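**Q** After the structure tokens below, expect a handful of questions from me.
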């Protein structure tokens, strides 16, 4: 048996937690220049989740007939989380598809599912939120892999949102396996107590995780800047030296490697006749031509001048 706990008290604790998180993310969005749009989305998501629990009939602030407000706010919250992670990675966010799906599910839930205690309602509302959470888990992996993080580490950093998706799916699964035992989250049952405690823990984890994601993005971006040539975005001399040292260590263990040196002909003549802007454009064009020819294991670096 789980320790005695009141579901209403846990719901109130979630309201307070999400409210504090919304204020913190809003302050970060207003005070920092790093991903203000993503921080604003996260502030809105926490505010919507807090309002969703606040408007739950267990707290007695709204009548049971208006349950769909709570459901709609929950959907909006997970839609904002789905949109926030691509914004962190400075990638286009799927505003239209996510917004359209959220509105469609909200309309169906409000009009056709027969109330919050039905299996169809739980399957639709919690399934939609779980799908949004799972889709959001794909983006941080892409973001961190694009900035050079190891595949396993990037996958591990996507795990918290996957855990949230599984937690959301637990409610319709429980309703399917034990129909009528746990009508809503305010019913005092072992399942509800465990679910609400897990929600508290994951709420803390997700907010901390996204803050860590922002930090990792900055760290990886700084590392990229220290390894790249600012003109061509090829590796610089220092990064090439480290790559050669690593390959030479592998060669000592019996794994060979090849080193190819390139030099642009008549580069000085190009600079002298057409100016340095033309020389810079030629270097960039060379890198653009070479990149599609590289394998995943290959490295392209600029030693200096026109030498690669």
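We did not get these values from a lab; they are worked out from the coordinates using the rules stated. Since we're looking at a predicted model, the values are computed, not measured. When we count neighbours, we look across all protein chains shown, and the Cβ atoms used for this are built from the backbone with ideal geometry, even at glycine.
**Q** So for the chain, averaging the separation of alpha carbon pairs under 8 Å that are six or more residues apart and normalising by length, what relative contact order in percent results?
**A** Taking the mean separation of contacting Cα pairs over the length of the chain, I get 14 percent.
**Q** Hey, fewest Cβ within 10 Å first, where do 252, 162, 129 land in order?
**A** Ascending Cβ contact count within 10 Å gives the list 252, 162, 129.
**Q** At 222 nm, what helix-only mean residue ellipticity would the chain give, in deg cm²/dmol to the nearest 500, using -39500 (n - 2.57) for each DSSP H run of four or more?
**A** That calculation yields -24000 deg cm²/dmol at 222 nm.
**Q** How much length is gained if the chain between residue 103 and residue 243 is pulled fully straight, taking 0.36 nm per residue apart and subtracting their Cα-Cα distance, in nm to one decimal?
**A** 45.4 nm
**Q** For the stretch 237-293, take N as its residue count and report Rg(C-alpha) divided by 2.2 N^0.38 Å.
**A** That works out to 1.57 for the stretch 237-293.
**Q** For 103, 125, 193, which order do you get if you count the other beta carbons within 10 Å of each Cβ and list the fewest first?
**A** 103, 193, 125
**Q** Can you sort 52, 9 by how many other beta carbons sit within 10 Å, fewest first?
**A** Final ranking by Cβ density, sparse to dense: 9, 52.
**Q** If you don't mind, there's one more thing I want to ask. Mind checking the angle between helix 7-31 and the chain's longest principal axis? C-alpha axes, 0 to 90 degrees, to the nearest 10.
**A** Once rounded, the angle reads 30 degrees.
**Q** Additional query: Working from Cα positions, state the angle (0 to 90°, nearest 10) between the long axis of helix 190-227 and the longest principal axis of the chain.
**A** With both axes taken from Cα atoms, the answer is about 20 degrees.
**Q** Principal axes first, then extents: for the Cα atoms of the chain, list largest minus smallest coordinate on each axis, whole Å, largest first.
**A** Principal axes ranked by extent give 81, 46, 33 Å for the Cα atoms.
**Q** Here's a follow-up. Given labels modelled 7 Å from the Cα in the Cβ direction, how far is it in nm from residue 176 to residue 34?
**A** Here the modelled spin labels are 4.1 nm apart.
**Q** Stretched out fully, how many nm does the piece from residue 277 to residue 290 gain, at 0.36 nm a residue minus the Cα gap?
**A** Length gained, residue 277 through residue 290: 2.7 nm.
**Q** Express in whole angstrom the spacing between the alpha-carbon centres of the stretch 178-235 and the stretch 246-292.
**A** One Cα centre to the other: 41 Å.
**Q** Continuing with the same structure: Between residue 251 and residue 219, take the C-beta separation as r, use R0 = 45 Å, and let me know the FRET efficiency to the nearest 0.05.
**A** Efficiency computed from Cβ-Cβ geometry: 0.90.
**Q** How tilted is helix 119-146 with respect to the longest principal axis of the chain? Cα atoms for both, answer in degrees (0 to 90, nearest 10).
**A** With both axes taken from Cα atoms, the answer is about 20 degrees.
**Q** Let me ask something else. Could you calculate the FRET efficiency of residue 188 with residue 24 from 1/(1 + (r/R0)^6), where r is the beta carbon distance between them and R0 is 30 Å, rounded to 0.05?
**A** Working from the Cβ atoms, E equals 0.45.
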